[in-house]
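Okay, structure first, notes after.
Bear in mind these aren't lab numbers, they're just calculated from the coordinates by the rules spelled out. All figures in this text were calculated on a predicted structure; none of them were measured in a lab. Backbone-built Cβ (ideal geometry, glycine too); neighbour counts: all protein chains shown.
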Amino acid sequence: MERSHAVAAEKVSKTFILHNLRSRIPALRDVSFALPFGECLAVSGPSGAGKSTLLRCLYGNCLASSGSILVSHLGGILDVALASPREILALRERTVSYVSQFLRVIPRVSALEIVSAPLAKSGLAPGEAREKAAALLARLNIPSRLFALPPMTFSGGERQRVNIARGLVREAPIILLDEPTASLDRANRRIAVDLIVEAKGRGAAVVGIFHDREVQEALADHVLELPAVPCAEG
Ligand SMILES: Nc1ncnc2c1ncn2[C@@H]1O[C@H](COP(=O)(O)OP(=O)(O)O)[C@@H](O)[C@H]1O
Ligand SMILES: [Mg+2]
């Protein structure tokens, strides 16, 4: 992998094996790309093409069946497909941030805590972490009366904005986004796009799945088109 690259995937394949159903579900076949810092790769393709699976493989949430996923991490290079659980945790804490499609909410954990947690983890003083989190939530139009509440009762769009804030608050070198703007109205979509552009501007590499063309066109420097995957093999 070249020094300017943040992530390089080489012939990544993933087949889910469902033992109890005796079936194999091919999800990714020979996917390769290399992404420099400061640029955005949009992963595109029909539903079921393996877009989310690719992101989960990059985050170490899902183990590739073959191929390599090299990530620039703490001055070295880590192959996510071979990394130990401890290395995966360090990768998530220091290098890769992931905005999932849906925010998983935990009862009693407030929106402000959710967003400030990545900062507190990286060593920022709790007060400063909360201040930074609050500023980002405000920028994403989350009313301050909601900060102290768990997002259980929030609307879909509000939850997704909390999710975006959590993923972008920490200035991670690599950011993974799974349809981050799908449930946002136009004005908030615009704000989310601005935040992602700013992240690229400070050098972050972004791998994203974008719900609408407009967002993809505003952000993507490269497009990786995944083909529809053949049906499950029995
Ligand atoms: N944990 C899993 N176990 C079994 N099959 C899965 C799992 N996750 C995804 N798949 C299958 O892998 C394929 C790709 O899914 P996904 O990556 O979610 O597609 P996309 O995000 O492009 O819509 C689908 O056929 C899906 O059913
Ligand atoms: Mg998906």
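Yes/no matrix, rows are residues, columns are (1) in a loop (DSSP other than H, G, I, E, B); (2) within 16 Å of ligand 2 (Cβ to nearest atom); (3) of a type in the set (A, V, I, L, M); (4) under 30 Å from residue 90 (Cβ atoms):
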{"residue": "157", "(1), (2), (3), (4)": "no, no, no, no"}
{"residue": "160", "(1), (2), (3), (4)": "no, yes, no, yes"}
{"residue": "191", "(1), (2), (3), (4)": "no, no, yes, no"}
{"residue": "211", "(1), (2), (3), (4)": "yes, yes, no, no"}
- [ ] Answer with yes or no whether residue 63 is surrounded by fewer than 17 Cβ atoms within 10 Å (Cβ to Cβ), farther than 28 Å from residue 203 by Cβ and within 18 Å of the chain's Cα centre (by Cα).
- [x] yes
Task: Checklist (1) in contact (Cβ under 8 Å) with a residue 60 or more places away in the chain; (2) more than 16 Å from ligand 2 (Cβ to nearest atom); (3) among the charged types (D, E, K, R); (4) out of contact with any helix residue (DSSP H, G or I) (no Cβ under 6 Å at 6 or more places or on another chain) applied to residue 166, failing item - done: (4)
TODO: Tell me which residues, restricted to region 30-49, are of a type outside the set (A, V, I, L, M, F, W, C) and away from ligand 1 (no atom under 11 Å from the Cβ).
DONE: 30, 32, 36, 38, 39
Task: Criterion: surrounded by fewer than 18 Cβ atoms within 10 Å (Cβ to Cβ), on the phi < 0 side of the Ramachandran plot and in contact with a Ser or Thr (Cβ under 7 Å, 6 or more places away or on another chain) - qualifying residue of 23, 13 - done: 13
Open item on the list: Whether any residue in region 108-117 is within 16 Å of ligand 2 (Cβ to nearest atom) and either crowded, with 17+ Cβ neighbours inside 10 Å or under 30 Å from residue 228 (Cα atoms) (or both) is what I want to check.
Closed with: no
